[in-house]
1. Filter the range 148-170 for residues that are assigned to a loop (DSSP other than H, G, I, E, B) and either more than 11 Å from the ligand (Cβ to nearest atom) or free of Cβ contacts under 8 Å to residues at least 24 places away in the same chain (or both) and give the result.
2. Where the second residue is part of a strand (DSSP E or B) and acidic (Asp, Glu) and the first is within 15 Å of Cys236 (Cβ to Cβ) and within 13 Å of the ligand (Cβ to nearest atom) and lies in the range 247-259, which pairs have Cβ atoms under 6 Å and are six or more apart or on separate chains?
3. With the checklist (1) in a helix (DSSP H, G or I); (2) within 16 Å of the ligand (Cβ to nearest atom); (3) in contact (Cβ under 8 Å) with a residue 40 or more places away in the chain in hand, flag the one item Ile262 doesn't pass.
4. Would you check which residues across the range 181-208 are in contact with a Phe, Trp or Tyr (Cβ under 7 Å, 6 or more places away or on another chain) and among the hydroxyl-bearing types (Ser, Thr, Tyr) and list them?
5. For the range 8-44, which positions are in contact (Cβ under 8 Å) with a residue 60 or more places away in the chain, in contact with a strand residue (DSSP E or B) (Cβ under 7 Å, 6 or more places away or on another chain), in a helix (DSSP H, G or I) and away from the ligand (no atom under 16 Å from the Cβ)?
6. Within the bounds of the range 230-245, is there any residue that is outside any loop (DSSP other than H, G, I, E, B) and over 30 Å from Lys22 (Cβ atoms)?
7. Quick check on my filter: what residues within the range 115-147 are in contact with a helix residue (DSSP H, G or I) (Cβ under 7 Å, 6 or more places away or on another chain) and either modelled with pLDDT under 95 or not in a helix (DSSP H, G or I) (or both)?
8. Among the residues of the range 174-197, write down those that are within 16 Å of the ligand (Cβ to nearest atom) and either part of a loop (DSSP other than H, G, I, E, B) or in contact (Cβ under 8 Å) with a residue 60 or more places away in the chain (or both).
Amino acid sequence: MDYQKILEDIYEEIQPFAKDGKQADYIPALAKVNPDQFGMCLETVSGEVYAHMQADTRFSIQSITKVFALAMCLSMKGETLWKRVGKEPSGTAFNSLVQLEVEKGIPRNPFINAGAIVLADLLISELEDPEAEFLRFVRALCGSETVDYNMEVALSEREKGYLNAAIANMLKYHGTIENDIEQVLMFYFKMCSVEMSCRELAKAFLAFTNHAPFEYAGYKLSKSRIKRLNAVMQTCGFYDEAGEFSYLVGLPGKSGVGGGIIAVYPHRYSVAVWSPRLNSKGNSVLGMKALELLTTYTEESIF
Ligand code: GLU
């Protein structure tokens, strides 16, 4: 398969949509990003790397970080994790309060904000230095020691993070989080602020293709757990557009409001794409289109 040519063709084909959507501006630091950027990188399990355009530009991975947090929590807690957070698609916005109230403080899944705030709380409870430990894990996955938090983005989000603060308060009220609300929120924002390039993300997510034993920085996951983690990505990875992504692309994946999307083709490859302009559901317009074309041209998907 000539993936390089396919990436180049895809880029040409999506140009008519290059000005559709707009970047996230509810986090002031993200509003400053040039929206007219695009990068893509695919890495196969045999180590071939295909990159196009700004595949080496780092961007704010935002909600993609939730997959890393989930992997750590699953590794430490196993199935007992699911007592604190569900694994059903939410069908509501990623920052919705309504469902959390109705369901008495148990978030629908780990990829909505409420769910990831619970993961942040769990990591704080379990680890001596959760911030350093989280970075150590992500760096081991992507093989880059310079991947880091962006404090400007984290603090900017804290300043305007009224909804996430409301979510954390509701979780605390229901006893779903154990630690100090401010500490949990700041750790959650820091995890979201991590910056990585498409090349680094593709490398990191190769670990989730289940082609080799998973052990990074001491965190292990069995093949069965990786299967389950992919299932949660498939059903919950795209806000309330998980069905649409599944329909169009046919791969498990996760998006973030920084405009990044990663997708995993189990046992074959991982692919990362980034472009900051988002659709109304919070997913990258060009990113969705590029991945739809990738599985269409290659006729490869899990279905
Ligand atoms: N830090 C973002 C928030 O909590 C993450 C949102 C996202 O990428 O889905 O709003």
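The values are calculated or read from the model by the stated rules, or taken from the named source; none is laboratory data. Bear in mind the structure is a predicted one, so any value in this text is a computation, not a measurement. Counting neighbours? That spans all protein chains shown, and the Cβs are built from the backbone with ideal geometry, glycine included.
1. Scanning the range 148-170 gives Tyr149, Asn150.
2. none
3. Unmet condition: (1).
4. Ser193
5. Matches in the range 8-44: Tyr11 only.
6. yes
7. Applying the first criterion (in contact with a helix residue (DSSP H, G or I) (Cβ under 7 Å, 6 or more places away or on another chain)) to the range 115-147 yields 116-124, 126-127, 130-131, 134, 137-138, 141-145, 147.
Result: Leu127, Gly143, Ser144, Glu145, Val147.
8. Residues satisfying the conditions are Ile177, Val184, Leu185, Phe187, Tyr188, Met191, Cys192, Ser193, Val194, Glu195, Met196.
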